[in-house]
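Working notes, structure below.
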Amino acid sequence: AAVLALAVAALSRPPFDAYVPRQVNLLHVDDGEDARVFVSPRAVLPVEFRREAGLGEGYGPMLPWGASAIPGPKAPRLPSPLVHAEVAEAGPGHRHVRLRVQSARDARETVLVVPGTVDPGGMRVNGMALDPPLRSAGAPAWRQVRVVGREPDGVLFEFDLPVGETTLYAFDRDSGLAPELDPVRRSRDAIGVPVGDGDASLAFRRIEIR
């Protein structure tokens, strides 16, 4: 009887409440042309919240290197990272790239996204070699090289690329949201809480190496 009573209580209790809140992150993303709020939930969102926050019907691309989330309303523009590139021949069929990425808003993280074919063993960040990556069955489509800490003079990434056009992405990331997005944040706070890396703003720039 006691087991049955516990089972009935578990079935009757709502899946999320003040003791078991939904896990929902808000992301303010600027792609260099437009800015928008994206919602990254780990649970089904209430219809009322979706309507109040102005969310789309389903998931959509958030970042060109693969991340997706639910698109929301337009957001204030963020300044794109500043990028300076130097490209030099490095032997037959290869080029050596020196890329300095500087956050225009003094963000806490600076990240370079390179194709998975780039050898991480040959990369340098501010002159220092990277830690060896974990072994895997094959190269991922993209690799992210992340530097945590505010860098007033930017971060210098060095690596080799094959000859030909290559697309890279540089972005900066900071915790929290702009005050203009408080209405969306309050709506989320009524139905869930941030989790993991939490709410954040992210501005990225597409880089073409030719």
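The values are calculated or read from the model by the stated rules, or taken from the named source; none is laboratory data. These figures come from a predicted structure and were not determined experimentally. Note that we place each Cβ from the backbone using ideal geometry, even for glycine, and neighbour counts take in every protein chain shown. The area values use the complete protein model at the heavy-atom level, side chains included, leaving out ligands, DNA and RNA. Shrake-Rupley method; radii C 1.70, N 1.55, O 1.52, S 1.80 Å.
Hey, does the range 138-145 have a residue that's open to solvent by 50 Å² or more (accessible area, probe 1.4 Å), in contact (Cβ under 8 Å) with a residue 12 or more places away in the chain and either in contact with a Phe, Trp or Tyr (Cβ under 7 Å, 6 or more places away or on another chain) or within 25 Å of ALA75 (Cβ to Cβ) (or both)? Spell out the reasoning first.
Let us first name the residues in the range 138-145 that are open to solvent by 50 Å² or more (accessible area, probe 1.4 Å), namely 139-144.
Subset that is in contact (Cβ under 8 Å) with a residue 12 or more places away in the chain: 139-144.
Retained after the next criterion (residues that are either in contact with a Phe, Trp or Tyr (Cβ under 7 Å, 6 or more places away or on another chain) or within 25 Å of ALA75 (Cβ to Cβ) (or both)): 142, 144.
Yes - at least one qualifying residue is present in the range 138-145.
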Practice prompt. Just name the residue that is nearest to the chain's Cα centre (by Cα) out of those in the range 163-176 that are of a type in the set (Gly, Ala, Ser), open to solvent by less than 70 Å² (accessible area, probe 1.4 Å) and at pLDDT 95 or above.
Written response: ALA170
Discussion item. Tell me whether the range 49-56 contains one or more residues that are of a type in the set (Lys, Arg) and in contact (Cβ under 8 Å) with a residue 24 or more places away in the chain.
Written reply: no
Response to the item:
Log entry, pairs with first residue in the range 177-204 being assigned to a strand (DSSP E or B) and surrounded by fewer than 20 Cβ atoms within 10 Å (Cβ to Cβ), second being among the acidic types (Asp, Glu) and at pLDDT below 95, beta carbons closer than 7 Å, six or more apart or on different chains, reads none
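Residues to consider are PRO76, PRO132; find the one that is out of contact with any Phe, Trp or Tyr (no Cβ under 6 Å at 6 or more places or on another chain) and more than 18 Å from ASP172 (Cα to Cα).
PRO132
Just need a number here: residues in the range 78-107 that are in a loop (DSSP other than H, G, I, E, B) and surrounded by 16 or more Cβ atoms within 10 Å (Cβ to Cβ). Can you show your working first?
Taking the range 78-107 and keeping what is in a loop (DSSP other than H, G, I, E, B), we get 78-81, 90-93, 103-107.
With the extra rule that they be surrounded by 16 or more Cβ atoms within 10 Å (Cβ to Cβ), the set shrinks to 78, 80-81, 103, 107.
Adding up the residues that qualify gives 5.
With the structure loaded, tell me whether GLU151 is at pLDDT 95 or above, of a type in the set (Asp, Glu), open to solvent by 60 Å² or more (accessible area, probe 1.4 Å) and over 22 Å from ALA88 (Cα atoms) or whether it fails that test. Outline the logic, then answer.
On the way: at pLDDT 95 or above: no; of a type in the set (Asp, Glu): yes; open to solvent by 60 Å² or more (accessible area, probe 1.4 Å): yes; over 22 Å from ALA88 (Cα atoms): yes.
Considered against the rule, which asks whether it is at pLDDT 95 or above, of a type in the set (Asp, Glu), open to solvent by 60 Å² or more (accessible area, probe 1.4 Å) and over 22 Å from ALA88 (Cα atoms), GLU151 comes out as no.
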